[in-house]
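This report refers to the structure that appears directly beneath it.
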Amino acid sequence: MQKDNAVMGARLAILLATFVCMAASPAWSDDLTETPVSFPVTIGANTVRLEGLVVKRSDAQGRLPIALFTNGGAATATAGATVTTATYAHNARDMARRGWLAVVLIRRGFGSSEGPKPTPVACQPASFDAWATTAADDLQSTIGDISQRPDADASRVIVIGSEIAGVAAVALSARNPRGLLGVVSISGGLQSESNCPMNDVLIDGYRKFGSTSRVPNLWIYSKSDKIFGPDLAERLHTAFLDAGGDVKFVMFFHDGDVGTPIFGQATRAWYVQMDGFLRARNLPTWGMTDVKDVIDRLKITDRIERENLQGFLVQYYSAPGEKALAFSPTLQAAWVRPQNKLGAEPRLPVTYQISSKSLDDARSGALATCQKAAQDCAIVMENFHWIGEER
């Protein structure tokens, strides 16, 4: 990877340094509005309040499409387990910056949400069906409550979940609720807490889901997943697809690059897949016009330089926030008139750095990396926003 970046850097007319903050943290940039909420949902004859978080861009106007995240992890809330919206806040921020009303939901019996704790799943179809019904009820009822908001567009909804939350999302798609345009399941699967053999029950359940679901699904798995591995993933895919379900199935193949869980350890990798899924359905996310706009703003005219920079900026846009982009006019000029001999190892590779603090830390890291080679570095982008001077 370092060698590839070095070769690409030799052709670039600029030095770009990015610093990405991936983990959920108390600090976030001020381009977003985050509101803790309590969803009063009625399920059957009972009304309960479910813990939630709503994130949107501060400058957003009108009705926004809804992107709903829900909690993964164990099938039931085990003693001492801590489940909060903070776990998914950074993902919600990334979706809000893509133009969504991003919502985090903690289902019944978890965290601060009211309602009975889910019944442990046993290895019988009736037990799994009951669990899936309860989880889908929570999602559907919450979407119904969110739809009443004046800033929500109930005709455009997606649901995103990992592990058991992925199963819940697929179960919801089997109901084909109005407005649900897509489901993204990352490492979707469920284990019995009694350690009984669950796979056949899960596969039969997915076959039932596929027989009625007509909502486009995106499933992402890893070959190196030790819990929901490639054999199970392929069987789930086959059962759902053969029954009539609509699913794009992605398997990451490089052991050690993603691992378990993909959701938290390989965010950029599944964001790339999700963004393509959204673009194919004309749903909000960044696009190549955004990438080319940055290249134009930087006044890059050479065809090869534009192509190489485009590939790097696609990586930048796909990365989770917080992130910043730094640029040096001096280094651009140096690359326009290269002094190094043909085939010489370039001294200015493109680099990524990762942290877990804040946008301020992203800015500092991007500048520090850039300034190792030049002193006139400046931040030109923060997350998806251009803040640089026009050249």
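The values are calculated or read from the model by the stated rules, or taken from the named source; none is laboratory data. Quick caveat, the model's predicted, so the values are computed rather than measured. Positions of Cβ are backbone-derived with ideal geometry, glycine not excepted, and every protein chain shown enters the neighbour counts.
Once the range 149-167 is narrowed to residues that are of a type in the set (V, I, T) and not in a helix (DSSP H, G or I), the residue that is surrounded by the fewest Cβ atoms within 10 Å (Cβ to Cβ) is I160.
Being of a type outside the set (G, A, S) and surrounded by 17 or more Cβ atoms within 10 Å (Cβ to Cβ) is the filter here; which residues of the range 137-148 pass it? Give the derivation first.
Restricting attention to the range 137-148, the residues satisfying the condition of being of a type outside the set (G, A, S) are 137-140, 142-143, 145-146, 148.
Selection gives D137, D138, L139, Q140, T142, I143, D145, I146.
Restricting N217, N199 to those that are in the same structural domain as V170 (by TED's automatic domain parsing), surrounded by fewer than 19 Cβ atoms within 10 Å (Cβ to Cβ) and over 27 Å from I387 (Cα atoms) reduces the list to N199. When T212 is tested against the conditions (1) among the hydroxyl-bearing types (S, T, Y); (2) more than 24 Å from Q315 (Cβ to Cβ); (3) modelled with pLDDT under 95, the lone failure is (3). Cβ-Cβ distances below 6 Å connect no pair with a first residue in the range 135-161 that is outside the structural domain of T70 (by TED's automatic domain parsing), a second residue that is small (G, A, S), and a separation of six or more residues or different chains. Summed over the range 38-62, the residues that are of a type in the set (A, V, I, L, M, F, W, C) and crowded, with 19+ Cβ neighbours inside 10 Å give a count of 6. So, in the range 204-241, of the ones that are of a type in the set (S, T, N, Q) and over 21 Å from D129 (Cα atoms), which residue ends up farthest from the chain's Cα centre (by Cα)? Restricting to residues being of a type in the set (S, T, N, Q) and over 21 Å from D129 (Cα atoms), the top hit is S224. If the condition is being assigned to a loop (DSSP other than H, G, I, E, B) and out of contact with any helix residue (DSSP H, G or I) (no Cβ under 9 Å at 6 or more places or on another chain), then the range 77-105 contributes A77, T78, A79, G80, A81, T82, V83, T84, G99.
For the range 279-294, the candidate set comprises residues that are of a type in the set (A, V, I, L, M, F, W, C) and in contact with a helix residue (DSSP H, G or I) (Cβ under 9 Å, 6 or more places away or on another chain); within that set, the residue that is surrounded by the most Cβ atoms within 10 Å (Cβ to Cβ) is V294.
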